[in-house]
Amino acid sequence: MAQVTGEVTTPSSGSVRPYPGRTGIPVRRRLSFTWLPVVPFFLYVALFLLLPALWLIVGAFQTNSGSFTTSNIQGLFHSDIIAAYKTSIELSAATALTGGLFGLFVAYAVVKDEAPRWLRPVLSTFAGVAANFAGIPLAFAFVATLGTTGVITGFLASHGVDIYQNGFTLYSFLGLTLVYTYFQMPLMLLVISPALDGLRREWREAATSLGASPTQFWRWVGLPILWPSLLGAVVLLFGSAFAAYATAVALVGTQINLVPIVIGRILSGDFAADPQQANALAVGMIVIIGGVMVLYALLQRQSSKWLR
């Protein structure tokens, strides 16, 4: 029985080499166009994310005349700038913890078997809207509710409780933390619900069938498995609050020294016109947000091992 052996031509030398199992027909690769639908996405990322970030980085090392300098980066270590970064980090951490804690409790109540079936879709829909409800509309809503002449403020005052006389003010760090928590909590609900759902469906049922009590389950199974997802969600909330600008500037103006507000003041001319210094401040924010997202990706990779 004769063996059929084909031959193909190598592109580099033009020589012919045998190709087992073929009959002399050249092997040609067919072009695949399955990647075409993602081209608009990558173009969008390149035009509105990568190029602006590159422009900021280049501008941070330039003077107003275009010459190279490191004075803008050195200016990040000025005491006022360090205080702005510190305040932004403290606000982001506080709202990430409060929003994450309350969001976790709400998400756990929603995914429980005892919860009504209508509760989860209603809260998920609300969370999708509330997580994106920020900026000037959110600031106005809280001013109308908890401002000096707000609805709740007036209601409490009519019952003998004046919250502003007792030291509370919406236009402070505490008030801004309360406002940020409004969109942090629903974001936590959206992020952590899938992890809690997978934990309930698989690990909780397995632990219960083996005789584990609820306390034993959460101590030895639930929390160790859920911990990376929890940390990843809190890290994501931190990044969301750290980059927020419109809500803070609409509510407190320049009363609180946050990095986005300082950048806005420089670009609007409240300080001496120095857009290159604003670029350096933005680069500092990019570095912090980039580190946060890398940490989030690592934690998500760790948690995905348990949720497969």
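Does the range 59-100 hold any residues that are aromatic (Phe, Trp, Tyr) and under 25 Å from Gln184 (Cβ atoms), and which are they?
Listed by number, the list holds a single entry, Tyr85.
Scanning for something under 30 Å from Thr63 (Cα atoms), surrounded by fewer than 16 Cβ atoms within 10 Å (Cβ to Cβ), at pLDDT 85 or above and out of contact with any Cys (no Cβ under 9 Å at 6 or more places or on another chain), does the range 255-263 turn up at least one residue?
yes
Kindly indicate whether any position in the range 160-170 is part of a helix (DSSP H, G or I) and not aromatic (Phe, Trp, Tyr).
no
Considering only the range 61-81, state which residues are assigned to a helix (DSSP H, G or I) and closer than 13 Å to Ala280 by Cβ.
Of everything in the range 61-81, those that are assigned to a helix (DSSP H, G or I) and closer than 13 Å to Ala280 by Cβ turn out to be Ser71, Asn72, Ile73, Gln74, Gly75, Leu76, Phe77, Ile81.
Anything in the range 107-117 that is closer than 14 Å to Ala195 by Cβ and hydrophobic (A, V, I, L, M, F, W, C)? List them, or say none.
Hits for the range 107-117 are Ala107, Val110, Val111.
Name every residue in the range 58-72 that is surrounded by 15 or more Cβ atoms within 10 Å (Cβ to Cβ) and aliphatic (A, V, I, L, M), in order of residue number.
Ala60
Do any helices (runs of 4 or more DSSP H) lying entirely in the range 195-308 carry at least 1 residues that are within 22 Å of the chain's Cα centre (by Cα), and which ones are they?
Correct list: 223-242, 246-252, 259-268, 275-307.
Any idea which of Ala107, Ala93, Ala144, Ala127 is within 30 Å of Leu76 (Cα to Cα), part of a helix (DSSP H, G or I) and either at pLDDT 90 or above or not hydrophobic (A, V, I, L, M, F, W, C) (or both)?
Among Ala107, Ala93, Ala144, Ala127, only Ala93 is within 30 Å of Leu76 (Cα to Cα), part of a helix (DSSP H, G or I) and either at pLDDT 90 or above or not hydrophobic (A, V, I, L, M, F, W, C) (or both).
Within the group Leu54, Leu36, which residue is out of contact with any His (no Cβ under 8 Å at 6 or more places or on another chain), free of Cβ contacts under 8 Å to residues at least 24 places away in the same chain and within 27 Å of Pro275 (Cβ to Cβ)?
Going through Leu54, Leu36 in turn, just one is out of contact with any His (no Cβ under 8 Å at 6 or more places or on another chain), free of Cβ contacts under 8 Å to residues at least 24 places away in the same chain and within 27 Å of Pro275 (Cβ to Cβ): Leu54.
Only one of (1) among the charged types (D, E, K, R); (2) more than 17 Å from Phe173 (Cβ to Cβ); (3) surrounded by 12 or more Cβ atoms within 10 Å (Cβ to Cβ) fails for Arg117. Which number is that?
Arg117 satisfies all of (1) among the charged types (D, E, K, R); (2) more than 17 Å from Phe173 (Cβ to Cβ); (3) surrounded by 12 or more Cβ atoms within 10 Å (Cβ to Cβ) except (3).
So is Ala241 farther than 30 Å from Ser193 by Cβ, in contact with a Leu (Cβ under 7 Å, 6 or more places away or on another chain) and in contact (Cβ under 8 Å) with a residue 12 or more places away in the chain or not?
For Ala241, the condition - farther than 30 Å from Ser193 by Cβ, in contact with a Leu (Cβ under 7 Å, 6 or more places away or on another chain) and in contact (Cβ under 8 Å) with a residue 12 or more places away in the chain - is not met.
Just to verify a result, which residue in the range 19-49, among those that are loosely packed, with under 10 Cβ neighbours inside 10 Å and charged (D, E, K, R), is modelled with the lowest pLDDT?
Arg28
The values are calculated or read from the model by the stated rules, or taken from the named source; none is laboratory data. A quick note: this is a predicted structure, and the numbers were derived from the prediction, not measured. Note: ideal-geometry Cβ built from the backbone for every residue, glycine included; neighbour counts use all protein chains shown.
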